[in-house]
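Structure first, commentary second.
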Amino acid sequence: PDRFQCSPGAACFPGEWRCDGHPDCEDEGDERGCGTASAAEASPDGAWVTPPWSSGVPPAGGGVVLCLCTLLSLVLLSILVAVASLAVWGLSKAKGRSDIFSLERASREQLMPDKSQ
């Protein structure tokens, strides 16, 4: 639809990249006839700097960072779930022990009545 190629068989670029002030084609054909300044710009020291060409694909390594962040998030979530599970288990065990001790105390009181009365 609204895409262009720098040359036959080359990568396709979005149409809005044409005349955007950044050369996407090696021959800078996507910036010719746009009525804008040249793609090369003067730097403060007076040297001419030409921006690098786009490849039409996202930069390599971007997916690796996203993958590592996702993996780290999953690991941290797993640790959090494990700690929470241990806390709940520990509380349930402590509650169970207090029930056992109160039953033991009640049975002792029935078997050996308080001698202070």
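The values are calculated or read from the model by the stated rules, or taken from the named source; none is laboratory data. It should be emphasised that the depicted structure is a prediction, and the values quoted were computed from it without experimental measurement. Glycine also receives a Cβ, built like all others from the backbone with ideal geometry; neighbour counts cover every protein chain displayed.
Just a few scattered comments:
- Restricting region 11-37 to residues that are among the small types (Gly, Ala, Ser) and free of Cβ contacts under 8 Å to residues at least 24 places away in the same chain leaves a set whose member that is surrounded by the fewest Cβ atoms within 10 Å (Cβ to Cβ) is 35.
- Per the conditions (1) modelled with pLDDT of 80 or more; (2) surrounded by 10 or more Cβ atoms within 10 Å (Cβ to Cβ); (3) under 32 Å from the mean Cα position of the chain (by Cα), the sole criterion not satisfied by residue 51 is (1).
- Filter pass, residue 24 being touching a Phe, Trp or Tyr at 6+ places or on another chain (Cβ under 9 Å), within 30 Å of residue 2 (Cα to Cα), modelled with pLDDT of 75 or more and part of a helix (DSSP H, G or I): no
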